[in-house]
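The values are calculated or read from the model by the stated rules, or taken from the named source; none is laboratory data. On a predicted model such as this, the values are computed, not experimentally measured, just so you know. Note that we place each Cβ from the backbone using ideal geometry, even for glycine, and neighbour counts take in every protein chain shown. Surface accessibility is based on the protein's heavy atoms, side chains included, excluding ligands, DNA and RNA. Shrake-Rupley method; radii C 1.70, N 1.55, O 1.52, S 1.80 Å.
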Amino acid sequence: MRAFITTLCRDNRAASAAEFAIVLPLLLLFLVGMLDVGRLMWTWNRAEKATQMGVRYAVATEMIPVGLASYSFTTSGGIPQGDPIPQSSFGGATCSSSGGTTSCLCNSGATCPPLGTANDTAFDNIVNRMQAFLPELPDNNITVEYGYSGLGYAGDPNGSDVSPLVTVRIQNMTFQPITLILFNTSITLPSFSAALTLEDGSGNVSN
């Protein structure tokens, strides 16, 4: 019996299998972690591209705040025709969607002309363009800001009196790593944004 036990203790034929069983969970965690990093970078890249394409569409097509697009700073605002629009007359407005309804509000501390009814179609078109690059992006995570740029002049006969700096922003996006599914935990991504100055601000076609 003693000889059998001694022989059994010296038997190392299963040592490699035991060592592999110990290392396997760490190896799998490492491999899945590499996949998660790749997926995160891919999501990050698509979010940045979505904002870039969204703002490109926004500056070349109809403005979302209908009232801003049609407002005459000469007739209604008392600014002499040909004068630049001061920041005191238009400081910036932000448009967003909630429950499928788009609204535009003057930025905190800023002055705006009557913004009127938001153009739902214009906002939806921007969302659709962005979702072509990031399909999982919900519309309530997108904001479109029309900020003061100092460009444009009162009484412009060819379009909007103001040429705002348009910023398209993605906020509150989350990323679900495979390694954290069991813990029901996700990662909140930072906001992504891209900005361009308004071009013609009309129509529904953009390159």
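Brief remarks follow.
- Charge dipole of segment 86-207 about the Cα centre (unit charges at C-beta), most positive-ward option of C104, Q171, V205: Q171
- The packing ranking of peptides 155-166, 74-85, highest mean first, is 155-166, 74-85, where packing means the average number of other beta carbon atoms within 10 angstrom of each residue.
- In segment 25-133, the alpha-carbon atoms span a convex hull of 152 Å³ per residue.
- Max mean-square fluctuation residue, GNM over the chain, Cα-Cα springs under 10 Å, options I64, I170, I187: I187
- Given (i) 1.01; (ii) 0.96; (iii) 1.37, the label whose value is Rg/Rh (Cα atoms, Kirkwood Rh) derived from this model: (iii)
- Cα-based Rg of segment 69-150 normalised by 2.2 N^0.38 Å, two decimals: 1.27
- For a paramagnetic label modelled on N45 (point 7 Å from Cα along Cα→Cβ), amide N atoms under 15 Å away are absent within segment 106-131.
- Solvent-accessible area per residue for segment 93-185 (1.4 angstrom probe, square angstrom): 49
- Solvent-accessible area, 1.4 Å probe, carbon plus sulfur percent, for the chain: 58
- Local electrostatic count at L134 - Lys and Arg +1, Asp and Glu -1, tallied over other residues with Cβ under 14 Å: +2
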